[in-house]
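Taken together, the values in this text are just the output of simple stated rules run on the coordinates, not laboratory data. The model shown is predicted, which means the values in this text are computed figures rather than measured ones. Here the Cβ positions follow ideal geometry from the backbone for every residue, glycine too, while neighbour counts run over all protein chains shown.
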Amino acid sequence: MNVPEPHNQRVEKLTAAFEREFGRRPEGVAEAPGRVNLIGEHVDYNDGLVLPFAIDRSVMCAWDTNNRASEVADAVRRLGYGADNVVAIRAYSRQFGTLYPIVAAEDEFSGKLDPNGDWTDYVSGVITSFRSQGSRFSGGDLVISGDVPQGAGLSSSAALEVAVAGAFRVAFSLDIDDVALAKLCQRAENEYVGVQCGIMDQFASTLSTRDHALLIDCRTLAYRHIPLRLEAVGLAVVIANSAVKRELASSAYNDRRRECEEAVALLRERLARPELASLRDVTEADIEGIEIDTTPLRRARHVVTEIARVAAAVDALERDDFAALGQLMVESHLSLRDDYEVSSDQLDLLVGLATAQDYVPGARLTGAGFGGCTVNLVRADAIDAFGRDVIAAYRERTGLPAEMYVTKAWDGLRTWRL
């Protein structure tokens, strides 16, 4: 079982890395969690309902605004600007061991910094998004460290974006609320990184509350915290990592979004509803009344039925009916496998092994699919059995180094000064 490092030790290592790289202590730390989605997959960019929660794994970003590094002087000479016109940000990653200097004249930030195709793009994307909305800031240093598994569908990228944005908000006293900050981070991923994600990941990383799931209406951006009384009924959430990584920007993720747009156009004609704006406007009765004879319409069937499953899941949680929630999770996985075609042999195997156990009420893939993780409701007294019956069995059959994480619903973005 993969167990998180104690929080205070992570903070100590982060600040020590900052002192080692920049010769002084940071001013403060921003921390943003990853997320797991209980149900509501591939519906956020279709104006749907989603039900994620923040997990107890996060990205931390230590910051200091007292940047008098040589990059500033070099930029002033190179660009012919005064010091007040230059933005100089240095970002260091503990995981990758790389220092990334971002130096440019302020007016250059009205455009987009050149992407590098790695973790630095998320930092540049956040800076570009802040600058495009008129936020002003000068120089600073960042050290970034995280324990959210990368490429596993647990939103390590959103956690990075939100942590960096949260650090900038406090460091430079930027006037931006949590909802606007989450939208800014989504814009960074859409327009800079090139992944056409919806708002769910950034919302969950910013706005979650401990021991609650976060119901998000992705059309109106209304949200509500739904109590997760798992311990009271003797259940736990276990994330199973298939050890198959996927990269969203190079996967079929953007293809699915395009297919959903095609489905809207088809349904406008089939249903004689020219005002149809998104798949959120389509009902289950609409879908049942037409022939599903194209790939875009199969994608639509998943989206429409998945939105209905989220509403049913909220009702089940409010009644503490975890058997009903588990069944909805299984139905969600089958729909993602068959209609949306984002599962994989490995994810199907993990779900199959899990649902064969009587101590697992429900299991499904979580995240975009194509690899990554499954989310499982597991009886709390059977965690070790899950490791044996599911994780060990999966490793034996695939040869892949699968891991499991027992997680809790955690708080969203936090910042504090040191």
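Taking 17 Å as the cut-off, the amide N atoms of segment 256-281 that come nearer than this to a point 7 Å along the Cα-to-beta-carbon line of I290 belong to 257-281. For segment 229-407, with equal point scatterers placed on the C-alpha atoms only and solvent neglected, what are the log10 I(q)/I(0) values from the Debye formula at q = 0.14, 0.16 1/Å, to two decimals? Taking Cα atoms of segment 229-407 as identical point scatterers yields -0.80, -0.97. Label-to-label distance, A277 versus N190, with points set 7 angstrom from Cα along the beta-carbon direction: 1.4 nm. Ordering 231-237, 212-218 by mean Cβ neighbour count within 10 Å, with the highest value first, yields 212-218, 231-237.
Where both bridge residues fall in the chain, DSSP classifies roughly 90% of the beta bridges as antiparallel. Magnitude of the charge dipole for the chain, about its Cα centre and with charges confined to Cβ atoms of Lys, Arg (+1) and Asp, Glu (-1), is about 940 debye. Between D147, D56, D338, the Gaussian network model of the chain with springs among Cα atoms under 10 angstrom shows the greatest mean-square fluctuation at D338.
Residues considered: M200, M329, M404. Largest GNM mean-square fluctuation over the chain, using C-alpha springs under 10 Å, is found at M404.
Axis angle, to the nearest 10 degrees, between helix 322-338 and the longest C-alpha principal axis of the chain: 80 degrees.
The residues S278, S173, S157, when put in order of fewest to most other Cβ atoms within 10 Å, stand as S173, S278, S157. Straight-line cross-link partners of K183 among the aspartates and glutamates, defined as a Cα under 16 Å from its Cα and at least 8 positions apart when in the same chain: D44, D47, E161, D175, E191, D201, D217.
For the pair R210 and R25 in one chain, pulling the backbone fully straight at 0.36 nm per residue adds 63.6 nm over the alpha carbon distance. For segment 229-407, the relative contact order comes to 34 percent (Cα pairs under 8 Å, sequence separation of at least 6). For the chain, the 222 nm mean residue ellipticity estimated from helices alone, with every DSSP H stretch of n ≥ 4 adding -39500 (n - 2.57) and the total spread over all residues, rounds to -12000 deg cm²/dmol. A Cβ-based charge dipole, computed about the Cα centre of segment 354-397 with Lys and Arg at +1 and Asp and Glu at -1, lands at about 160 debye.
To the nearest 10 degrees, how steeply does helix 70-79 sit against the main Cα axis of the chain, on a 0 to 90 scale? The angle comes out near 80 degrees.
Here's the list of aspartates and glutamates a cross-link from K408 could span, going by alpha-carbon distance under 13 Å and ignoring same-chain residues fewer than 8 apart: D56, D211, E231.
Take every pair of alpha-carbon atoms less than 8 Å apart whose residues are at least six positions apart; their mean separation over the length of the chain yields a relative contact order of 24 percent.
Below 11 angstrom from the Cβ of Y223, what's the summed charge of the other residues (Lys, Arg +1; Asp, Glu -1)? The answer is -1. GNM on the chain, alpha-carbon springs under 10 angstrom: the most fluctuating residue among R319, R229, R299 is R319. Once both labels are modelled 7 Å past Cα along the beta-carbon direction, what's the R229-R268 spacing in nm? A separation of 4.6 nm, rounded to one decimal place.
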